[in-house]
Amino acid sequence: MLKENIKSIRKSKGLSQEELAIKLNVVRQTVSKWEQGLSVPDAEMLISLSEVLETPVSTLLGENIAESKVDDLKAISEKLEIINLQLSQRKNEKRKVVHWLLISLCIITIIIFISLILLNSPYFNWDYNKTEYAVLGVTFHSFEWLFIRISPIIFIGLVVGIFLTRKKD
(Lines give C-alpha, C1' and ligand atoms only; values in the text may rest on other atoms or scores of the structure.)
Protein backbone atom coordinates (compact mmCIF):
# COMPACT_ATOMS: atom_id res chain seq x y z
CA MET A 1 0.00 0.00 0.00
CA LEU A 2 2.80 2.43 0.93
CA LYS A 3 4.64 1.88 -2.34
CA GLU A 4 1.52 2.53 -4.43
CA ASN A 5 0.61 5.60 -2.41
CA ILE A 6 4.07 7.16 -2.71
CA LYS A 7 4.09 6.59 -6.47
CA SER A 8 0.55 7.85 -7.14
CA ILE A 9 0.89 10.93 -4.92
CA ARG A 10 4.28 11.76 -6.44
CA LYS A 11 2.82 11.54 -9.94
CA SER A 12 -0.27 13.54 -8.98
CA LYS A 13 2.05 16.31 -7.74
CA GLY A 14 3.90 16.19 -11.08
CA LEU A 15 7.21 15.14 -9.56
CA SER A 16 9.69 12.71 -11.04
CA GLN A 17 11.58 10.26 -8.82
CA GLU A 18 14.67 12.43 -9.27
CA GLU A 19 12.85 15.63 -8.19
CA LEU A 20 11.37 13.93 -5.13
CA ALA A 21 14.77 12.51 -4.23
CA ILE A 22 16.37 15.97 -4.43
CA LYS A 23 13.70 17.45 -2.15
CA LEU A 24 14.24 14.65 0.38
CA ASN A 25 18.07 14.72 0.09
CA VAL A 26 18.25 11.08 -0.96
CA VAL A 27 19.31 9.38 -4.18
CA ARG A 28 16.78 8.52 -6.88
CA GLN A 29 17.33 4.79 -6.32
CA THR A 30 16.00 5.15 -2.76
CA VAL A 31 12.70 6.56 -4.07
CA SER A 32 12.61 3.82 -6.69
CA LYS A 33 13.10 1.12 -3.99
CA TRP A 34 10.22 2.61 -1.93
CA GLU A 35 7.93 2.58 -4.95
CA GLN A 36 8.90 -1.01 -5.81
CA GLY A 37 8.37 -2.14 -2.23
CA LEU A 38 11.98 -3.24 -1.81
CA SER A 39 12.47 -0.93 1.18
CA VAL A 40 10.46 1.47 3.32
CA PRO A 41 11.33 4.93 4.65
CA ASP A 42 12.07 5.24 8.35
CA ALA A 43 9.82 7.35 10.61
CA GLU A 44 11.73 10.61 10.10
CA MET A 45 11.86 10.12 6.34
CA LEU A 46 8.15 9.29 6.30
CA ILE A 47 7.40 12.64 7.97
CA SER A 48 9.67 14.47 5.50
CA LEU A 49 8.00 12.61 2.63
CA SER A 50 4.54 13.65 3.85
CA GLU A 51 5.68 17.27 4.10
CA VAL A 52 7.21 17.32 0.61
CA LEU A 53 4.17 15.62 -0.93
CA GLU A 54 1.82 17.77 1.20
CA THR A 55 -0.04 14.65 2.25
CA PRO A 56 -0.82 13.28 5.72
CA VAL A 57 1.29 10.37 6.92
CA SER A 58 -1.89 8.33 7.36
CA THR A 59 -2.58 8.64 3.65
CA LEU A 60 0.93 7.48 2.82
CA LEU A 61 0.64 4.50 5.17
CA GLY A 62 -2.57 3.08 3.89
CA GLU A 63 -5.55 5.34 3.70
CA ASN A 64 -7.08 4.71 0.32
CA ILE A 65 -6.23 7.58 -2.02
CA ALA A 66 -9.18 6.93 -4.33
CA GLU A 67 -11.56 7.41 -1.41
CA SER A 68 -9.77 10.61 -0.52
CA LYS A 69 -10.28 11.92 -4.06
CA VAL A 70 -13.97 11.01 -3.93
CA ASP A 71 -14.27 12.82 -0.60
CA ASP A 72 -12.47 15.82 -2.09
CA LEU A 73 -14.88 15.86 -5.02
CA LYS A 74 -17.83 15.66 -2.64
CA ALA A 75 -16.45 18.54 -0.58
CA ILE A 76 -15.84 20.63 -3.69
CA SER A 77 -19.31 19.90 -5.05
CA GLU A 78 -20.86 20.82 -1.70
CA LYS A 79 -18.93 24.10 -1.67
CA LEU A 80 -19.99 24.84 -5.23
CA GLU A 81 -23.58 24.11 -4.30
CA ILE A 82 -23.36 26.57 -1.40
CA ILE A 83 -21.81 29.21 -3.66
CA ASN A 84 -24.54 28.68 -6.26
CA LEU A 85 -27.21 29.09 -3.59
CA GLN A 86 -25.59 32.30 -2.36
CA LEU A 87 -25.37 33.69 -5.90
CA SER A 88 -29.00 32.75 -6.51
CA GLN A 89 -30.06 34.50 -3.30
CA ARG A 90 -28.14 37.65 -4.27
CA LYS A 91 -29.71 37.61 -7.72
CA ASN A 92 -33.18 37.25 -6.18
CA GLU A 93 -32.49 40.09 -3.74
CA LYS A 94 -31.34 42.38 -6.56
CA ARG A 95 -34.39 41.43 -8.62
CA LYS A 96 -36.67 42.25 -5.66
CA VAL A 97 -34.98 45.63 -5.13
CA VAL A 98 -35.34 46.55 -8.81
CA HIS A 99 -38.93 45.31 -8.83
CA TRP A 100 -39.94 47.45 -5.84
CA LEU A 101 -37.99 50.42 -7.17
CA LEU A 102 -39.97 50.23 -10.42
CA ILE A 103 -43.24 49.96 -8.52
CA SER A 104 -42.26 53.00 -6.43
CA LEU A 105 -41.44 55.00 -9.55
CA CYS A 106 -44.81 54.05 -11.05
CA ILE A 107 -46.58 55.25 -7.92
CA ILE A 108 -44.60 58.50 -7.91
CA THR A 109 -45.43 59.06 -11.60
CA ILE A 110 -49.12 58.51 -10.94
CA ILE A 111 -49.07 60.85 -7.92
CA ILE A 112 -47.39 63.61 -9.95
CA PHE A 113 -49.85 63.11 -12.79
CA ILE A 114 -52.84 63.30 -10.45
CA SER A 115 -51.44 66.36 -8.68
CA LEU A 116 -50.99 68.14 -12.03
CA ILE A 117 -54.57 67.35 -12.96
CA LEU A 118 -55.90 68.51 -9.58
CA LEU A 119 -53.84 71.71 -9.62
CA ASN A 120 -55.42 72.66 -12.93
CA SER A 121 -52.32 74.56 -14.10
CA PRO A 122 -52.29 77.33 -11.49
CA TYR A 123 -49.49 79.18 -13.24
CA PHE A 124 -52.07 80.61 -15.69
CA ASN A 125 -53.49 82.76 -12.86
CA TRP A 126 -50.12 84.12 -11.78
CA ASP A 127 -49.09 87.68 -12.36
CA TYR A 128 -46.10 87.29 -14.67
CA ASN A 129 -45.20 90.93 -14.23
CA LYS A 130 -43.58 89.97 -10.94
CA THR A 131 -40.17 88.47 -11.60
CA GLU A 132 -40.49 85.75 -8.95
CA TYR A 133 -43.76 84.48 -10.41
CA ALA A 134 -42.48 84.66 -13.96
CA VAL A 135 -39.44 82.47 -13.22
CA LEU A 136 -41.44 80.08 -11.07
CA GLY A 137 -44.26 79.94 -13.62
CA VAL A 138 -41.92 79.21 -16.52
CA THR A 139 -40.13 76.53 -14.47
CA PHE A 140 -43.40 74.90 -13.46
CA HIS A 141 -44.75 75.11 -17.01
CA SER A 142 -41.55 73.55 -18.42
CA PHE A 143 -41.73 70.73 -15.90
CA GLU A 144 -45.39 70.11 -16.63
CA TRP A 145 -44.86 70.23 -20.39
CA LEU A 146 -41.98 67.72 -20.23
CA PHE A 147 -43.73 65.49 -17.72
CA ILE A 148 -46.98 65.27 -19.68
CA ARG A 149 -45.16 64.29 -22.87
CA ILE A 150 -42.51 61.96 -21.45
CA SER A 151 -44.24 60.33 -18.48
CA PRO A 152 -46.53 58.00 -20.50
CA ILE A 153 -43.48 56.47 -22.19
CA ILE A 154 -41.65 56.21 -18.88
CA PHE A 155 -44.74 54.74 -17.22
CA ILE A 156 -45.07 52.05 -19.90
CA GLY A 157 -41.37 51.23 -19.47
CA LEU A 158 -41.82 50.97 -15.70
CA VAL A 159 -44.82 48.66 -16.04
CA VAL A 160 -42.92 46.45 -18.49
CA GLY A 161 -39.99 46.41 -16.04
CA ILE A 162 -42.30 45.38 -13.21
CA PHE A 163 -43.58 42.44 -15.23
CA LEU A 164 -40.05 41.42 -16.25
CA THR A 165 -38.75 41.49 -12.66
CA ARG A 166 -41.66 39.77 -11.00
CA LYS A 167 -40.96 36.45 -9.30
CA LYS A 168 -41.38 33.58 -11.70
CA ASP A 169 -42.69 30.47 -9.95
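The values are calculated or read from the model by the stated rules, or taken from the named source; none is laboratory data. Everything numeric in this text was worked out from a predicted model, so none of it was measured. Here the Cβ is made from the backbone with ideal geometry for all residues, glycine too, and neighbour counts use every protein chain on show.
Residue check: Leu53 meets all listed conditions (1) under 17 Å from Arg10 (Cβ atoms); (2) of a type in the set (A, V, I, L, M, F, W, C); (3) out of contact with any Lys or Arg (no Cβ under 8 Å at 6 or more places or on another chain); (4) at pLDDT 85 or above but one, namely (3). From the list Ile103, Ile65, Ile108, Ile112, the lone residue that is among the hydrophobic types (A, V, I, L, M, F, W, C), surrounded by 11 or more Cβ atoms within 10 Å (Cβ to Cβ), under 30 Å from Phe147 (Cβ atoms) and modelled with pLDDT under 85 is Ile112. Selection of helices (runs of 4 or more DSSP H) fully inside segment 1-93 by the criterion of at least 2 residues being free of Cβ contacts under 8 Å to residues at least 40 places away in the same chain and among the small types (Gly, Ala, Ser) returns 43-52. Counting the residues of segment 135-169 that are within 35 Å of the chain's Cα centre (by Cα), of a type in the set (Phe, Trp, Tyr) and surrounded by 11 or more Cβ atoms within 10 Å (Cβ to Cβ) gives 1. One residue stands out in segment 6-46 among those that are closer than 20 Å to Gly62 by Cα and small (Gly, Ala, Ser): the one that is nearest to the chain's Cα centre (by Cα), namely Ser12.
Given the condition touching a Ser or Thr at 6+ places or on another chain (Cβ under 7 Å) and either aromatic (Phe, Trp, Tyr) or within 30 Å of Glu144 (Cβ to Cβ) (or both), answer yes or no: does some residue in segment 19-33 qualify? The answer is no, given that none of the residues of segment 19-33 is touching a Ser or Thr at 6+ places or on another chain (Cβ under 7 Å) and either aromatic (Phe, Trp, Tyr) or within 30 Å of Glu144 (Cβ to Cβ) (or both). Val26 meets each of the listed conditions (1) at pLDDT below 90; (2) surrounded by 16 or more Cβ atoms within 10 Å (Cβ to Cβ) apart from (1). Being among the charged types (D, E, K, R) and surrounded by 12 or more Cβ atoms within 10 Å (Cβ to Cβ) is a description that does not apply to Lys94.
Going by the conditions given, is Tyr123 modelled with pLDDT under 80 and assigned to a helix (DSSP H, G or I)? Spelling it out, Tyr123 is indeed modelled with pLDDT under 80 and assigned to a helix (DSSP H, G or I).
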